Amino acid sequence: MVITRNFADMKFRMLTEEELDCFEQEFKQFLIVNGVEAKEWEKMNVSNKEKAIQLVELFSDTVLQKVYGKIKYLEHRNESSCLVFRFNKNNIELISINVKNGAKIDLSTPESLHEALIKSAHLLTVFKTQKDYSGNKEDEVHLMLETGCVNSTASFWNMLEKVL
């Protein structure tokens, strides 16, 4: 088996040790499918670290491609804004809640956001928009996660839609 990849070839990122532990069985199956048996893997980790790393990179990209493809909602919060994204087949929708200039409102927690929507809605700007994917969904999800977004839920999205 010849693998010609290096870190620059990775589409996403290397899985962390903790993440790899979660996918231990899948990784074993991945190695078998790629013609690498347990003893060969152990030997490779000692004598050909670069090839072993390339296999982990390939596995990481494969896993993340699948995981990112399943993500439906992400959010990004800080004190002055709450952005919630819904990933559709061809586009991303955004619900944006922002504190108007000068207002002292914290939107960084579910509780503070709820309170702001009830008590201080007049100090917020809220809008909804959408855009087509600039590449593919998985690339957009990866970039958004790398810039601070976290998983969100359909129920949170639906609640915000009602606010609109």
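(1) surrounded by 14 or more Cβ atoms within 10 Å (Cβ to Cβ); (2) more than 11 Å from the chain's Cα centre (by Cα); (3) not basic (Lys, Arg): which one isn't true of residue 144, the others all being true?
(2)
Quick one: is residue 129 under 12 Å from residue 92 (Cβ atoms), assigned by TED's automatic domain parsing to the domain that holds residue 82 and at pLDDT 95 or above?
Yes; evaluated as a whole, the condition is true for this residue.
Considering only region 8-15, I want to know if a residue exists there that is more than 29 Å from residue 136 (Cβ to Cβ), of a type in the set (A, V, I, L, M) and at pLDDT 90 or above.
no
Answer yes or no: is there a residue in region 92-104 that is outside the structural domain of residue 18 (by TED's automatic domain parsing) and closer than 30 Å to residue 9 by Cβ.
Within region 92-104 (the criterion being outside the structural domain of residue 18 (by TED's automatic domain parsing) and closer than 30 Å to residue 9 by Cβ), the answer is yes, since at least one residue qualifies.
Working only within region 62-112, note down all residues that are under 16 Å from residue 151 (Cα atoms) and among the acidic types (Asp, Glu).
Of everything in region 62-112, those that are under 16 Å from residue 151 (Cα atoms) and among the acidic types (Asp, Glu) turn out to be 75, 93.
Can you say whether residue 129 is β-branched (Val, Ile, Thr), under 30 Å from residue 61 (Cβ atoms) and touching a residue at least 12 places away in the same chain (Cβ under 8 Å), as far as the supplied structure shows?
no
The values are calculated or read from the model by the stated rules, or taken from the named source; none is laboratory data. Here the structure is a predicted model, which is why all the values come from computation and not from measurement. So basically every Cβ, Gly included, is an ideal-geometry build from the backbone, and we count neighbours across all protein chains shown.
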